[in-house]
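S.K.: The structure follows.
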């Protein structure tokens, strides 16, 4: 039930009768340049308001970041152990090469678990199923990486690992301190990534030599692309941009950053690695 309409203020009536008639429309004398400046300032203000968090929200986000970093560290340690074992053990290296079917099985498991985690967000939030899926993904991906590294000398693998660590640390610092919001570039990165995958598939079908100039250019572009992906994913985890991961999506955060680092390592190894 609505109450009586409030009476208009006498001062408002007097102000209107002195300055304009009832049928007179208000004119906006703001210049186009001034409008653009005002809109730009409003956009910056909205971004600052979104980035500002309460103390409780900041504490929750820090807990989320620590959880992602803890899971990511465990993934990288496990992958390092599995990768370096056949690099220095000739018997294990020979066993990997004699069982190519296991490689394709692990590759299929990698794709399947990755799709489950990224495409079905409920599975990524459901404990302990999310941890089981991530462990399966990490073990399968580690086996694939170990198989790839058997083609290169131990010195090349160590050099590529060190270069990957340096690039990862540098890009992470930049992503944290940068004022640019790279989370708004998700659509562009998706399109470039789709084109990149298509080119990689064509190179595989055409059986292009891995030591050719075309493949070297492809690997160099891959390093640049996954460097941008790493910045994008780090800002999704940190939050404060236009887009960010929810606090219960720590499995997704760990998976995407882990995948960025692994792809950087593989393509850096292809660029600087020396075959056995």
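S.K.: What ranking, highest mean first, results for peptides 185-193, 199-207 when packing means the other Cβ atoms within 10 Å averaged over each residue?
M.R.: Values: 185-193: 12.7, 199-207: 10.9.
Output ranking for 185-193, 199-207: 185-193, 199-207.
S.K.: Still on this model: What is the distance, in nm, between label points placed 7 Å from the Cα along the Cα-to-Cβ direction at residue 198 and at residue 215?
M.R.: Taking the simple label geometry, residue 198 and residue 215 are separated by 2.3 nm.
S.K.: Hey, if you drop one equal point scatterer on each alpha-carbon of the stretch 179-266 and run the Debye formula without solvent, what base-10 log of I(q)/I(0) do you get at q = 0.10, 0.12, 0.13, 0.19 Å⁻¹?
M.R.: Scattering profile of the stretch 179-266, log10 relative to I(0): -0.31, -0.43, -0.49, -0.89.
S.K.: Taking 0.36 nm per intervening residue step and subtracting the Cα-Cα distance, what contour gain separates residue 107 from residue 125 on full extension?
M.R.: Between residue 107 and residue 125, full extension yields 4.1 nm more.
S.K.: Another question about this same structure. Report the residues of the stretch 226-260 in range of a label on residue 173: point 7 Å along Cα→C-beta, backbone N strictly under 18 Å from it.
M.R.: 227-228, 230-232, 234-235
S.K.: Each label point is 7 Å from the Cα along the Cα-to-Cβ direction; what then is the distance between the points at residue 180 and residue 272, in nm?
M.R.: 2.4 nm
S.K.: Expected output is a single nm value to one decimal: the length gained when fully extending between residue 60 and residue 89, i.e. 0.36 nm times separation in residues minus the C-alpha distance. What is it?
M.R.: 6.0 nm
S.K.: If each residue of separation counts as 0.36 nm, what is the full-extension length gain between residue 99 and residue 77 once their alpha-carbon separation is subtracted? Please list the in-between numbers first.
M.R.: On the way: separation 22, 0.36 × 22 = 7.92 nm, distance 2.43 nm.
Once the chain is fully extended between residue 99 and residue 77, it gains 5.5 nm.
S.K.: Run a plain Debye calculation on the stretch 61-272 (Cα atoms as equal point scatterers, no solvent) and give log10 I(q)/I(0) at q = 0.18 Å⁻¹, rounded to two decimals, same order as the q list.
M.R.: At q = 0.18 Å⁻¹ the computed log10 ratios are -1.51.
All of the numbers you see were taken from the coordinates with simple rules; none came from a lab. This is a predicted model, so every value here is computed, not measured. Please note: Cβ atoms are built from the backbone with ideal geometry, for glycine as well, and neighbour counts cover all protein chains shown.
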